[in-house]
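Working notes, structure below.
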Amino acid sequence: MNVTEISQFIRQTGQKGKQLRQKGFQVVEKGPGDYVTNVDRALDAMMVEQLQTWFPHDGVISEENPNSVGLWLQALPRYWFIDPIDGTSDFVSNREHYAVMLGLLENGRPTMGWIYAPESDLLFYGGTAIASIFASDRGSMPIQIEIKPPALGEFKVILSEKDEERYGDAILDVIPEAEFYSLGSFGLKVMEVVCGNAAVYIYLNRRVKLWDTVGPLAIARAAGLVCCDLAGNPISFEPEAIDAETLTHHQIILVGWSKSLEALRPKLAEILNLRF
């Protein structure tokens, strides 16, 4: 695995997507509130072809190739998960918080991830496979990220707009000091926690799929973050924890710094378990 070559390819793919967005694009609604563009599909095809060329013996599963989902049932030792545009609503709405993502799952464990934000030209990558996390700004030489958790007592919480609408008041009842904010991409939300800008990311609506999570959680785990559900169980990538038809996680997902989660999770569980 040539990490540098993959990183360069992810950046090139993201820049291609940015150029295509500027030229105009078509939008199709796959399901209620679930959109795809012709740019998603173009980038998806590029990434699938390249990954299959580099790793012909691995499973390559992508969001916009429904036929690839069946590979999950083959229980291969290595899978690459592709999300060509994570945060499609931001992409469609001409906002900046979308990302191109790639994740590697080895023997049921996320080991590498790449998250690239085309509008800011910022790439994050890393995982336990290289025991580190790097960032590259505008194609510059990658720099190892300094892992620095937020100060104790700071409870900036990343919560999607939908989750805040449904559960924000309940969370504030038990954690009045919580300060909510959000970004479009699941991966960029996780990176806000990795970079110490937030204490925890709470994902409650159980719609997130493997191509959303493998890359970001590989980076989060390498940073020493806790990735767990409301009960404190680690987020699992074993077949019994994933819906085989959609590759959706059964678990609610919390990503955060250990001490912050120790303070927040029991309170969250107390109020949210009443609603699930």
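The values are calculated or read from the model by the stated rules, or taken from the named source; none is laboratory data. Predicted model only: the values in this text are computed from it and were never measured. Positions of Cβ are generated from backbone atoms using ideal geometry, with glycine treated the same way; all protein chains shown enter the neighbour counts.
Annotations
- Within region 14-59, restricting attention to residues that are in a strand (DSSP E or B) and among the small types (Gly, Ala, Ser), the residue that is modelled with the highest pLDDT is Gly59.
- Some residue of region 122-145 being more than 24 Å from Trp72 (Cα to Cα), in the same structural domain as Ser260 (by TED's automatic domain parsing), in contact with a Lys or Arg (Cβ under 8 Å, 6 or more places away or on another chain) and not β-branched (Val, Ile, Thr): no
- Residue in region 60-75 that is part of a strand (DSSP E or B), in contact (Cβ under 8 Å) with a residue 12 or more places away in the chain, assigned by TED's automatic domain parsing to the domain that holds Gln15 and under 13 Å from the mean Cα position of the chain (by Cα) present: no
- Some residue of region 255-271 being of a type in the set (A, V, I, L, M), touching a strand residue (DSSP E or B) at 6+ places or on another chain (Cβ under 6 Å) and within 29 Å of Arg95 (Cα to Cα): yes
- Residues being touching a residue at least 40 places away in the same chain (Cβ under 8 Å) and buried (at least 20 other Cβ atoms within 10 Å of the Cβ) - total across region 80-96: 9
- For Phe237, the conditions (1) touching a Phe, Trp or Tyr at 6+ places or on another chain (Cβ under 6 Å); (2) closer than 19 Å to Leu102 by Cα; (3) not hydroxyl-bearing (Ser, Thr, Tyr) are fulfilled apart from (1).
- Segments classed as helices (runs of 4 or more DSSP H), wholly inside region 157-276, with at least 1 members that are aromatic (Phe, Trp, Tyr) and touching a residue at least 12 places away in the same chain (Cβ under 8 Å): 161-174, 186-194, 210-222
- Residue satisfying all of: in region 109-131; hydrophobic (A, V, I, L, M, F, W, C) and under 13 Å from Thr4 (Cα atoms); modelled with the lowest pLDDT among these: Ile130
- Here Leu122 passes the criteria (1) within 21 Å of Ala45 (Cα to Cα); (2) surrounded by fewer than 24 Cβ atoms within 10 Å (Cβ to Cβ); (3) touching a Phe, Trp or Tyr at 6+ places or on another chain (Cβ under 9 Å) except the one numbered (1).
- Selected residue (criterion: farthest from Gly256 (Cα to Cα)) from residues of region 196-239 that are surrounded by fewer than 24 Cβ atoms within 10 Å (Cβ to Cβ) and among the acidic types (Asp, Glu): Glu238
- All of (1) farther than 15 Å from Ala263 by Cβ; (2) in contact (Cβ under 8 Å) with a residue 60 or more places away in the chain; (3) out of contact with any strand residue (DSSP E or B) (no Cβ under 7 Å at 6 or more places or on another chain) hold for Glu146 with one exception: (2).
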